[in-house]
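Below is one structure, written out as structure tokens; the observations come after it.
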Amino acid sequence: MLVHVTERPQTDVMSAYRARIDEGVIQPDPVQRRAAERLHELWGRLRGYDPHPKAPPNGWLGRLLNKKRVDEVPEDYPSGLYLVGDVGRGKSMLMDMFFDAADVPRKRRVHFDEFMQEAHATLHRMRTDHPGTDALTALAGMIADQSALLCFDEFQVHDIGDAMILARLFEALFSRAVVIVATSNTLPDDLYRDKPGYESFAPFIALLKRHLDVLVLDGGRDYRRERVRGVRNWYVPANGMAERALDDVFARLTDGATPQPESLTVFGRKLPVPCAANGVARFDFAALCAQNLGSGDYLALATHYETVLIDAIPALSPDNFDEARRFITLIDALYEHRVKLYASAAAEPAALYTAGEGASIFERTVSRLEEMRSEAYFALSHLT
Ligand SMILES: Nc1ncnc2c1ncn2[C@@H]1O[C@H](COP(=O)(O)OP(=O)(O)O)[C@@H](O)[C@H]1O
Ligand SMILES: [Mg+2]
């Protein structure tokens, strides 16, 4: 979604930050305050920032042919910021404050996964329609024409496909004076660590660190967790009250964001996520375990969402072996990736599946579900 700003923002970052504290919406936090000050400084340098405001040549092909166009980086081109820390530290909140206040005519805030999906789709289209052209440079030109400031939420490198285009794409964006601010759970040096092709990814990390100042938010408090502290995670039975309790959990975890349908791409297929916002997804048990889904789908969910809500887990009988088997695989994936789980169910975990094929394997699932209820588990960081 491209955000067109018709009116210039009326506030600055520090005023917005202080206002929230004065209104009692957030608590004062020295680490956040320092981050807000850095964002404020960048806010100041970016007032009216509009490199290359001239109209872009006709479409990307026009730009490609227009070889004379020289992109000059302005002298005052500032470094961007990379806000990194565990979940719930206020990274997205601070970046959004900055984004809303940023007095930059062309600016865009986007979840990084969405940005990359768009990038891959556009590249694919360009390469199909015009083989032999430098689609990546053209894409960077297009992006730079639309936005002089890009704010990426949850910067993450998932696979070799992303890793392969990032270096050239970002190089081209920086050469067009695009300023990038990002939030991430992962330090630049740990992005894509130990994954295949890591060595060839190193230049991208160096590039990122050259253009973005890394700001660690390590205040030690998980404010998101604090919003749901003391809230139960397993509701029995799965009645209307349980459903409303999960509505409330969803609202607390997402700051009341409107749930939207999303979809994940798994091996080129679309996996629909009926209801999601801010890293939280909600499903009916049937949509997850009564359909032909497998470990690849559950893995995608587990890496993409830090919290999953499941409505109406039924008591499973020997006739439901397929459901039970999928549920086992699902819980394994969620557990291994430290995904936080909230559910409504017909019974406590130990009483869900007691007889039938695989009932003994289900004991491991019960033990994991019990562990997933503990404070200690909720304190673990999501593994993406
Ligand atoms: N200082 C604070 N006091 C109270 N709530 C806060 C504070 N900082 C952040 N929050 C809240 O904590 C939750 C998590 O913040 P968020 O910015 O989403 O974290 P992150 O992006 O680091 O995971 C949000 O609901 C946010 O409004
Ligand atoms: Mg966040």
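See the values below:
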{"item": "Strands (runs of 3 or more DSSP E) wholly inside region 263-324 that include at least 2 residues being in the same structural domain as ALA343 (by TED's automatic domain parsing), away from ligand 1 (no atom under 16 Å from the Cβ) and among the charged types (D, E, K, R)", "result": "269-277, 280-284"}
{"item": "Scan of region 243-262 for residues that are part of a strand (DSSP E or B) and not charged (D, E, K, R), ordered by number", "result": "GLN260, PRO261"}
{"item": "Exclusive hit being farther than 19 Å from ALA276 by Cα and at pLDDT 95 or above, set ALA324, ALA355, ALA345", "result": "ALA345"}
{"item": "Scope region 139-192; condition over 23 Å from ASP100 (Cβ atoms), of a type in the set (D, E, K, R) and in contact (Cβ under 8 Å) with a residue 40 or more places away in the chain; matching residues", "result": "ASP162, ARG176"}
{"item": "Answer from ALA302, ALA287, ALA315 - the residue that is in contact (Cβ under 8 Å) with a residue 24 or more places away in the chain, closer than 28 Å to ARG225 by Cα and not acidic (Asp, Glu)", "result": "ALA302"}
{"item": "Qualifying residues in region 256-267 (those that are within 16 Å of ligand 2 (Cβ to nearest atom) and surrounded by 13 or more Cβ atoms within 10 Å (Cβ to Cβ)) - the one farthest from PHE285 (Cα to Cα)", "result": "ALA257"}
{"item": "Filtered residues of region 80-103 (kept if more than 22 Å from SER15 (Cα to Cα) and more than 9 Å from ligand 1 (Cβ to nearest atom))", "result": "VAL84"}
{"item": "Residue within region 158-181 that is closer than 24 Å to TRP43 by Cβ, in the same structural domain as ARG8 (by TED's automatic domain parsing) and within 18 Å of the chain's Cα centre (by Cα) present", "result": "yes"}
{"item": "Filtered residue count, region 124-136, keeping only those that are surrounded by fewer than 17 Cβ atoms within 10 Å (Cβ to Cβ) and either within 22 Å of the chain's Cα centre (by Cα) or touching a residue at least 60 places away in the same chain (Cβ under 8 Å) (or both)", "result": "3"}
{"item": "Single match in GLY240, GLY279, GLY219, GLY230 (criterion: farther than 24 Å from LEU166 by Cα and surrounded by 12 or more Cβ atoms within 10 Å (Cβ to Cβ))", "result": "GLY219"}
{"item": "Failed condition for HIS382, given (1) modelled with pLDDT under 90; (2) closer than 25 Å to THR254 by Cα; (3) exposed (fewer than 13 other Cβ atoms within 10 Å of the Cβ)", "result": "(3)"}
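The values are calculated or read from the model by the stated rules, or taken from the named source; none is laboratory data. Just so it is clear, the structure is predicted and the values come from calculations on it, not from any experiment. All Cβ positions, even for glycine, are placed from backbone atoms using ideal geometry, and neighbour counts span all protein chains on display.
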